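Below: one structure, written as structure tokens.
The values are calculated or read from the model by the stated rules, or taken from the named source; none is laboratory data. Owing to the predicted nature of the structure, the values given are computational and were not obtained by experimental measurement. Accessible surface areas use protein heavy atoms only, side chains included; no ligands, DNA or RNA. Shrake-Rupley method; radii C 1.70, N 1.55, O 1.52, S 1.80 Å.
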Amino acid sequence: MIKTLNPEYKSRVETYLQKQHFMKHIDFTLDIIEEGRTEGWLDIEEIHKQQKGFVHGGVIATLADITAGFAAYTLVPEDHHVVTGEIKVSYFNPGVGQKLHAKGWVIKQGRKMNFCEAEVWCINGETKTMIAKATTTMVTIFPEDIPS
């Protein structure tokens with residue numbers, strides 16, 4: 001059973017989103033923040049595309065990483081943090097369309113690690129296609145691990 005160790009997780013995530021400079025740079029927004037689950041959207045622009053006009057794999061991996069990471073972050077105590085220990089992304093279809101929709105969730109909660117999954121979907125007109133799926137290990141950073 002997935003259970004947050006910080007009842008104020010939503011406001012804490014919203015505060016830390018202000019410090020996510022790369023996320024802001026690519027114009028990704030996290031719109032849904034729930035216990036062990038997050039979702040966000042990105043309007044596809046030229047800056048997000050590679051040479052063939054598809055959304056760059058790095059952008060897709062970033063969205064998977066952000067949603068899975070913040071899903072894990074909703075579960076840790078207030079004085080703890082989360083970093084990506086491992087991520088594997090499988091790409092199923094090219095990202096062609098107007099928007100990306102990324103979803104991340106915790107599948108196994110632990111004290112030191114949370115195992116997560118994420119999906120990235122591309123919206124092209126009325127069609128929504130899953131373009132990638134990721135599995136991640138999010139490592140919990142304890143207060144004593146953070147240099148003062």
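What angle do you read, to the nearest 10 degrees and between 0 and 90, between the alpha-carbon axis of helix 57-73 and the longest principal axis of the chain?
For 57-73 against the chain, the angle is about 30 degrees.
Can you tell me the length gained on complete extension of the stretch Glu46 to Glu78, counting 0.36 nm per residue apart and subtracting the Cα distance?
7.7 nm
Enter the accessible area of Thr127 (Å², nearest 10), with the probe set to 1.4 Å and all protein chains included.
Around 80 Å² of this residue is reachable by solvent.
Could you tell me what percent of the accessible area of the chain is made up of carbon and sulfur, with a 1.4 Å probe and every protein chain present? It would help to have the intermediate numbers written out before the result.
On the way: 4430 of 8090 Å².
Of all accessible area on the chain, carbon and sulfur atoms account for 55 percent.
What accessible area per residue, rounded to a whole number of Å², is obtained for the range 1-144 using a probe radius of 1.4 Å? List each step's numbers first, then the result.
Working: 7650 Å² over 144 residues.
On a per-residue basis, 53 Å².
By its C-alpha gyration tensor, with a ≥ b ≥ c as the square roots of the eigenvalues, how is the chain shaped: rounded for a/c under 1.5, else prolate for a/b larger than b/c, else oblate?
Prolate, because a/c is 1.5 or more and a/b exceeds b/c.
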